[in-house]
Structure formats: C-alpha cells, structure tokens
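A.B. asks: Encoded as structure tokens, here's the structure I'll be asking about.
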Amino acid sequence: MHMNRAVKIGLAGTCTALLVLGGIGTYNIVHGLASGSSGDGSSQDARGFDPSAVSSTPPSEAEATKLVRAFLDSWSQRHLDGAARDTDTPDAAQRALRGYADGLHLKKLTFDHILSAGPSSVTPGAAKVTFDVSAQVAGGTWNYPSAVAVRKSTNGHLAVHWNNSVLHPGLGDDQSLTAGSLPAGAGDTKVVASDGRTDLAAFSSLRDIAGTIAKNAEPTGGSPGTGVAVVDAGGAGVETLKVFAKGKPAVVRTTIDAGLQRVAERAVRDAHLQQKPAGTVALDWRNGHILAIAHTGGDGDIAVNGIKSPGSTMKIITAAALFDKAGLTPDSPAPCTDSLVANSQLFHNDSGVPAEPGSSLARAFTVSCNTAFIKDGFHHLVHDGDASALNDEAVNVFGMGSWSIGGGVSTTDPSIPPDVQGGDQAAQFIGQGKVTATPLFMASVAATVRNAGFEQPVILPGQHQDTAPRPISARTAGYLQSMMRGAATSGTAAPRLGGLAGVGAKTGTAEEGDHTNGWLTAYGSRVSVAALVEGGSSGVDSAGYVVRQLLTGG
C-alpha cells in the first residue's frame, strides 16, 4: 500500500496489514508490544522518543505518515492511552483527547485523506501530515481538515508533537470544544427598537450603543442554536465553528422609535450642514423615553457625550431661575443694550440683535439678547459673590446630574458649577464660561418645559428614572412655554420652525476657540429635540435644519 494514498481509518475500516495480522484487536496488541506498552494503561512514552534531544532533521514522509496513521487509528478506536503514547507529551494528550470526546459527546470518529505535507512551517525540524476529520457529535456530523507535526529524537524514535491544535486547528491551550447547545454570547442578543423588530445595529449612530446594551441588559425570550463551539477555561463561548440549527436571539427592547431614528440619521447629514459634525437627541417629553440618537463626526457620539457650551439655549434655565427665585415675569424689564460690562468682562450681542432699552424679558428671550439676560441674571441671581442660583435651578428643577439611561450606555454629565468666579458669574447666564451641556440634556430641558415636569431620559423602558428634587411650578412652566412659542413663531427660531403648530424653541450660538457652535432645542406635540452642529454659524442656520426634520418626522 502506498503511504501517500488517502486511506480511511475508523471503526468500519482498517488497512490490509491489519487484516493479515487478524484484525484490529490483533493490531492493537502488536502495536502495543512494538511500542513497549506496559499494558496497564500508563502514559509513559513507550516509543522511546526523547523530548530533550529532538533532531533538527524531520522524519521521512513515509515514517511520519505511518506514525500518524497509528495515532489516528488508536484515537478513532477510543484507545486514548495508546494514541497519547504516540505523542511527545502523553499525559497532556490523554487528558485533552478525553476532553474532546466528552465535550463533543462523541459518537463516532473517522479520519480520511491522511497525506504527507512536507516539512512543518510551524514546528522546526518536524514533518507535517494532513488529514480530514469526520466526527459524529451531539447535534450532527462535523467535518473539518486538520494536521499534526511529527518530530524525531536523536535516538531515532518518532512522536506526534502535541498541542491543542491537534484537536482542531488554532485551538488554544486553555480552550476546549463543545457540541450541542451553543454557548450564549453578546452576538446572540438582538437589541431592537420599540417596535420589537428593528435591529438598532442597523443604524450607524446606534451600533456602539446596541453593542453595549447587548452586553449589559437582561434580554427576554430566545433559544440557543446547536452546533460546535470553542469555549474558554470558564466555559464562555469564544468562537462558533459549526451550526447545526440556528437559534432564536434573545431580545432587548429599547425606547428608540425606528421611524424617527431613520429621520435623525438623515437629518445630521443634511446638506445645509456642509458635513460639519452634528448630533441630535429626540425624547418623548411625556415620559423621558429616548426616541432617537444620531450623530456624525469622528470624536464619538456628540449627541450624548458632546460636552460643549450650550450658548443661549441656557436662557431657558436662566429665565426659570428669574421666575422662581426673583419673582420676575415675562413682562419684567430686561433692557437690551449693545454691550455690557459685568465683573470687568465685556459682553456683547450676536450680530443683528437690536438695542431695545425698553425690552421685556419675553422680548429679550425672543430675539436672544445676551446683555439683557446677563444684566437681569447678575442683578437678581448673584448675591454677595454667590452665583450658585443657576446651578440650583438646573439641579433641582431640571434634574441636572449623573443620569443612567440604561443598558450600561455612558453619557456625559452637563455642568453648571455652583462656585463660578469673575466674568464666569455673568457668562453662565448665556451658556458660556464654564457651563457645558449635551444635546441629550438640552432636549430634556425642553421636555421639562413642555411636560411641566422633569422625566429623566432613558433608553430602556423599565430603567429607573431619577426625579427632580423640586418640580417645576405650573406658573414657571407656563411662562417658559409662552416665551419658547414666541421664539419659534416670531423670534430667532422662526426661519426654520415658524410654520409649525404647537412648537416652542430656543436657539443658541456658542463661541468656542476660533469658531462657533450652533444649537437649537425645541418641542412639538409629542417630541422634544435638541441638536448641536460644531462650527455652525448660528443655531437656526445649522441645528435648525436638524430639529425641523425631527419635529416634522422628515
């Protein structure tokens, strides 16, 4: 028989030489005697291979193939001690071969196409022999190609070089094989929109969020598939090698509105933005459910982590503090001057804002007059150097703090420091200085106004929602709704939102280094939205395009 021909070894077939000797049983006895077996099942190296004196010259193709045939025959016959003695580390080999049979619930094992492949490129001084494996395991039949390296010691004895890749190519020393129900992994959990069907991973802005939720949230339903897998020392799935039957993924349902998410993905890529980085968040203002998160740019998710000065959108919270802490109303005086000095710092208005000495607070809000809000804020809310009133309003009425939106998704907290000094004491009232926020927070600010109460944003329907220590008063909520409606219909937001019924809004343009960022936050009949465009010349002419699409559903 030619040694390089494909020969099938298994329970059903042997080679001619074995028949001459009286069958497989006789072969195994002869093989044991020839290899010096003690017959007691011990795992000594009966072939006399010396692992401390390995030859640098590979064995011949014929002798390497002959040994591998004997090794595979013992393995297929479940004579694992005999197979192990054909290796250079019998004890480790016997344990691994037993683990292979147990882990796969092995019923039958056959080998075919046992062929020499020349010198090994992985094990120096060894010859490579390839073969095909057919294993009947729990759930079905698994076929795969494999290979071993055969080494020769200087005394002329051969051994199969043992490592776990003998069991399956690439199998690590701390890994094993299992068959039957496939181990669960993050890939077996599907994170879906509120419709229960749409996969969040299909949306570019939500891929990372979906992956995080899949790892951290508790899924429901689903059934494991069957097949063969690699598992680590702790039994956790590493890689699926064969699928016999597909499983049904477990599901985590989120608050995301699939239709609105599609709109948001398009909106942040609106041509008017000229490919500037943009982020937006839409909430259901009635319950705080996050309906959409979309963003562009290479610095991560700026919709929930883009921590920037929010500019004049902060005037919503400033106005609320003036109503709650100073007793002002929308009709209270708020003179709008071209410029103003506060704590030795000069402040000015955006271009196009007219000076109106007789302006009211509502009028200053509508046209977004910086000097009016700084003058009123500095006069009514800073006392004896204490400028913590804005922080107090943001925390206690608008719920500013460390939110957990669910599923392990990280968000960046806004910041309005309670102990600002110098010019920052005035700058905070127009969302500059040390004040920072995200589109997520500003969407929540608009939602709090429209809902007349704070509902902490969440992305999982059952997630715990923090409450605001001091609910917004109906009086303050009514004042803010009136002023935000004015900004949308006849003020700075009107060019984008003026024709929309029931909409309230506030624009913002924040200076950052050598450029400005555009902001706009608004609410409609069900949705509150905020958008940030880095490099936007103004809120209405950048973020305004994004917000309009979400308020109108596209």
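A.B. asks: List, please: which pairs have Cβ atoms under 7 Å, are six or more places apart or on different chains, and start with a residue in the stretch 216-228 that is over 20 Å from Gly196 (Cβ atoms) and end with one that is hydroxyl-bearing (Ser, Thr, Tyr) and not in a loop (DSSP other than H, G, I, E, B)?
C.D. replies: From the stretch 216-228, the pairs are Pro224/Ser181; Thr226/Ser181; Gly227/Thr240.
A.B. asks: So which pairs qualify, if the first residue must be in the stretch 306-326 and closer than 13 Å to Ser415 by Cα and modelled with pLDDT under 95, the second must be in a helix (DSSP H, G or I) and not aliphatic (A, V, I, L, M), the Cβ gap must be under 8 Å, and the two must be at least 6 apart or on different chains?
C.D. replies: Going by the 8 Å Cβ cut-off, the qualifying pairs are Gly306/Pro439.
A.B. asks: Return the residues of the stretch 418-476 that are in a helix (DSSP H, G or I), of a type outside the set (Val, Ile, Thr) and more than 13 Å from Ala394 (Cα to Cα); say none if nothing qualifies.
C.D. replies: The answer is Asp424, Gln425, Ala426, Ala427, Pro439, Leu440, Ala443, Ala447, Arg450, Asn451, Ala474, Arg475.
A.B. asks: Now for a different question. Does at least one position in the stretch 507-523 carry a residue that is assigned to a helix (DSSP H, G or I) and charged (D, E, K, R)?
C.D. replies: no
A.B. asks: Right, Ser528: in the same structural domain as Lys434 (by TED's automatic domain parsing), assigned to a strand (DSSP E or B) and not β-branched (Val, Ile, Thr) or not?
C.D. replies: Against the criterion (in the same structural domain as Lys434 (by TED's automatic domain parsing), assigned to a strand (DSSP E or B) and not β-branched (Val, Ile, Thr)), Ser528 qualifies.
A.B. asks: Which residues, counting only those in the stretch 539-554, are closer than 15 Å to Gly499 by Cβ and aliphatic (A, V, I, L, M)?
C.D. replies: Listed by number, the residues that qualify are Val540, Val547, Leu551.
A.B. asks: If you don't mind, there's one more thing I want to ask. For the stretch 379-417, what are the residues that are part of a helix (DSSP H, G or I) and under 22 Å from Gly453 (Cα atoms)?
C.D. replies: Ala389, Leu390, Asn391, Asp392, Glu393, Ala394, Val395, Asn396
A.B. asks: Considering every residue within the stretch 424-431, establish whether at least one is surrounded by 15 or more Cβ atoms within 10 Å (Cβ to Cβ), at pLDDT 95 or above and acidic (Asp, Glu).
C.D. replies: No, the conditions are met nowhere in the stretch 424-431.
A.B. asks: If the Cβ limit is 6 Å and pairs must be 6+ apart or interchain, which residue in the stretch 156-185 that is in contact (Cβ under 8 Å) with a residue 60 or more places away in the chain pairs with which residue that is of a type in the set (Ser, Thr, Tyr) and part of a loop (DSSP other than H, G, I, E, B)?
C.D. replies: Filtered contacts from the stretch 156-185: His161/Thr123; Trp162/Thr89.
A.B. asks: In the stretch 123-180, which residues are within 18 Å of Ala101 (Cβ to Cβ), among the aliphatic types (A, V, I, L, M) and either assigned by TED's automatic domain parsing to the domain that holds Phe244 or not in a strand (DSSP E or B) (or both)?
C.D. replies: Residues satisfying the conditions are Ala138, Val166, Leu167, Leu171.
A.B. asks: Mind listing whichever residues of the stretch 98-133 are in contact (Cβ under 8 Å) with a residue 40 or more places away in the chain and small (Gly, Ala, Ser)?
C.D. replies: Correct list: Gly99, Gly103, Ser116, Gly118, Ser120, Gly125, Ala126, Ala127.
A.B. asks: Quick check: anything in the stretch 432-440 surrounded by fewer than 24 Cβ atoms within 10 Å (Cβ to Cβ), in contact (Cβ under 8 Å) with a residue 60 or more places away in the chain and out of contact with any Ser or Thr (no Cβ under 6 Å at 6 or more places or on another chain)?
C.D. replies: yes
Yes/no per residue for (1) among the hydrophobic types (A, V, I, L, M, F, W, C); (2) in the same structural domain as Ser360 (by TED's automatic domain parsing); (3) touching a strand residue (DSSP E or B) at 6+ places or on another chain (Cβ under 7 Å):
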residue	(1), (2), (3)
Thr492	no, yes, yes
Ala505	yes, yes, yes
Thr516	no, yes, yes
Ala522	yes, yes, yes
Tyr545	no, yes, no
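A.B. asks: Inside the stretch 329-365, can you point out the residues that are of a type in the set (A, V, I, L, M) and either touching a helix residue (DSSP H, G or I) at 6+ places or on another chain (Cβ under 8 Å) or surrounded by 13 or more Cβ atoms within 10 Å (Cβ to Cβ) (or both)?
C.D. replies: Result: Ala334, Leu340, Ala342, Val353, Ala355, Leu361, Ala362, Ala364.
A.B. asks: If you don't mind, another one. Among the residues of the stretch 232-263 satisfying the criterion of being touching a residue at least 40 places away in the same chain (Cβ under 8 Å) and within 17 Å of Gly139 (Cα to Cα), which is surrounded by the fewest Cβ atoms within 10 Å (Cβ to Cβ)?
C.D. replies: Ala245
A.B. asks: Can you tell me which residue is farthest from Lys108 (Cα to Cα) among those in the stretch 170-202 that are among the hydroxyl-bearing types (Ser, Thr, Tyr) and modelled with pLDDT of 95 or more?
C.D. replies: Ser194
A.B. asks: Given the options Ala245, Ala271, Ala303, name the one that is more than 30 Å from Ala474 (Cβ to Cβ) and either modelled with pLDDT under 95 or in contact with a Lys or Arg (Cβ under 8 Å, 6 or more places away or on another chain) (or both).
C.D. replies: Ala245
A.B. asks: For the stretch 491-506, enumerate the residues that are aliphatic (A, V, I, L, M), assigned to a loop (DSSP other than H, G, I, E, B) and surrounded by fewer than 24 Cβ atoms within 10 Å (Cβ to Cβ).
C.D. replies: Leu500, Ala501, listed by residue number.
A.B. asks: Of everything in the stretch 339-377, what is free of Cβ contacts under 8 Å to residues at least 12 places away in the same chain and of a type outside the set (Ser, Thr, Tyr)? Give them in sequence order.
C.D. replies: Val341, Leu346, Gly352
The values are calculated or read from the model by the stated rules, or taken from the named source; none is laboratory data. Keep in mind that what you see is a predicted model, and the values were worked out from it rather than measured. Here Cβ is always computed from backbone atoms with ideal geometry, including for glycine, and neighbour counts include all displayed protein chains.
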